[in-house]
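Taking it in order: structure first as structure tokens, then the write-up.
Read the figures in this text as sums done on the coordinates, not as results from a lab. Keep in mind it's a predicted model, so treat the numbers as computed, not measured. FYI the Cβ positions are ideal-geometry reconstructions off the backbone, even for glycines, and counts take in every protein chain you see.
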Ligand SMILES: Cc1ncc(COP(=O)(O)O)c(C=O)c1O
């Protein structure tokens with residue numbers, strides 16, 4: 001069968017593969033602790049469920065406008081104005097089938113064959129793959145464990161080349177939990193504005209910051225740099241609504257119009273009644289979000305404390321998101337050499353599913369999601385301690 005060169009360039013998502021292997025072992029009767037999934041274990045907010053149920057009962061089951069319902073787009077614009085002082089109006093907002101589709105459609109709109117995109121690394125597996133799929137070349141800019149994988153402006157600026165169309169930031173970062181400070185973000189946006197480069201800020205984890213840290217949103221710079229700033233967000237993590245598949249993009253009106261045209265030929269609108277649920281979550285689920293965030297903070301502390309006790313493992317506390325990204329290379333030995341073999345051995349021997357750091361460009365690390373219960377974290381830590389016993 002002939003496959004397109006575009007598809008040939010694409011690999012299966014490593015996070016998806018880890019989750020699939022865990023599910024296979026589970027189906028075979030093993031008790032598996034799944035630390036691989038990037039999805040909260042909480043139920044979606046009741047207000048969202050109720051609003052979606054009502055929408056279905058009312059027959060709100062037809063196509064909507066490709067960019068989404070005006071109500072949800074208006075609510076998103078109001079949300080960003082209130083939280084970050086962003087100037088976006090309804091024609092600068094589109095709703096997508098998850099944040100992933102927003103990113104995909106933006107890449108297809110902004111990148112030509114031979115273009116490049118600068119991405120701080122380690123980074124989410126999907127970013128480089130989407131850039132390649134669009135015909136572009138990812139330029140990965142290393143961030144360092146020593147300062148919690150913070151994203152600094154200068155190395156990002158230094159990596160930009162004449163072919164660069166896009167700087168892709170993700171703060172807080174999946175997989176490292178690293179963040180960008182407001183001054184670094186401003187420097188990057190100012191520099192990109194001068195050179196006509198888009199700063200695409202994936203703020204999927206914007207609510208997941210710990211120890212009183214504040215999120216630096218590119219939305220706060222959109223009034224000053226309207227043609228440079230693009231923000232992508234999602235309902236998946238903040239509201240525990242992964243399966244609803246609702247994300248969004250905020251950008252200049254001409255860009256949103258173009259990306260909406262792309263979407264109109266790809267997915268059309270996101271699911272109508274799911275958008276009603278998302279709108280209810282955005283306007284009425286703050287208490288649920290606060291409750292979940294408090295649980296995430298406790299889980300982070302529990303996990304990091306446990307990991308730090310393990311021989312050969314070092315794990316600084318992530319500043320944000322819900323992943324620990326420990327350095328585990330000192331645990332490598334024959335048969336467990338590198339993060340791929342290490343993750344495989346842990347799954348086989350200890351029944352704990354984690355994602356190899358290699359998938360994110362960091363083979364000395366593994367990614368552990370703490371979007372699971374404290375009991376699962378405790379049980380997983382016990383299994384890990386047993387598996388790593390010298
Ligand atoms: C950094 C980042 N961006 C975007 C997404 C997309 O999430 P969704 O498509 O569920 O909105 C994810 C999900 O794992 C993510 O980790």
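Figures for the structure shown
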{"read-out": "Taking 272, 4 and counting other C-beta atoms within 10 Å, the order from fewest to most", "value": "4, 272"}
{"read-out": "On Cα atoms only, tilt of 98-110 relative to the major axis of the chain in degrees", "value": "60 degrees"}
{"read-out": "Residue among 106, 72, 302 with the largest mean-square fluctuation in a Gaussian network model of the chain, springs linking Cα atoms under 10 Å", "value": "302"}
{"read-out": "Cα gyration tensor category, rounded, prolate or oblate, for region 182-297 with a/c compared to 1.5", "value": "oblate"}
{"read-out": "Theoretical ellipticity at 222 nm over the chain - DSSP helices of four or more residues, -39500 (n - 2.57) apiece, nearest 500", "value": "-12500 deg cm²/dmol"}
{"read-out": "Largest to smallest principal axis extent of the C-alpha atoms in region 229-289, angstrom", "value": "36, 25, 16"}
{"read-out": "Percent of beta bridges antiparallel (DSSP, region 60-284, rounded to nearest 5)", "value": "30 percent"}
{"read-out": "Distance histogram in 10 Å bins (all Cα pairs of the chain, percent per bin)", "value": "5, 23, 32, 26, 12, 2, 0"}
{"read-out": "Packing rank of 129-141, 171-183, where each peptide gets the mean count of other beta carbons within 10 Å, highest leading", "value": "171-183, 129-141"}
{"read-out": "Between helix 14-27 and the chain: long-axis angle, C-alpha atoms, 0 to 90°, nearest 10", "value": "60 degrees"}
{"read-out": "For region 260-390, diffusion coefficient by Stokes-Einstein and Kirkwood Rh (Cα), 37 °C, 0.692 mPa s, µm²/s", "value": "194 µm²/s"}
{"read-out": "0 to 90° range, to nearest 10: angle between helix 286-308 axis and the chain longest Cα axis", "value": "30 degrees"}
{"read-out": "Antiparallel content of DSSP bridges confined to the chain, in %, to 5", "value": "40 percent"}
{"read-out": "By average C-beta atoms within 10 angstrom, highest first, the peptides 308-316, 248-256, 110-118", "value": "248-256, 110-118, 308-316"}
{"read-out": "For region 60-284, radius of gyration divided by Kirkwood radius, i.e. Rg to Rh on alpha-carbons", "value": "0.94"}
{"read-out": "Residue among 202, 363, 71 with the largest mean-square fluctuation in a Gaussian network model of the chain, springs linking Cα atoms under 10 Å", "value": "71"}
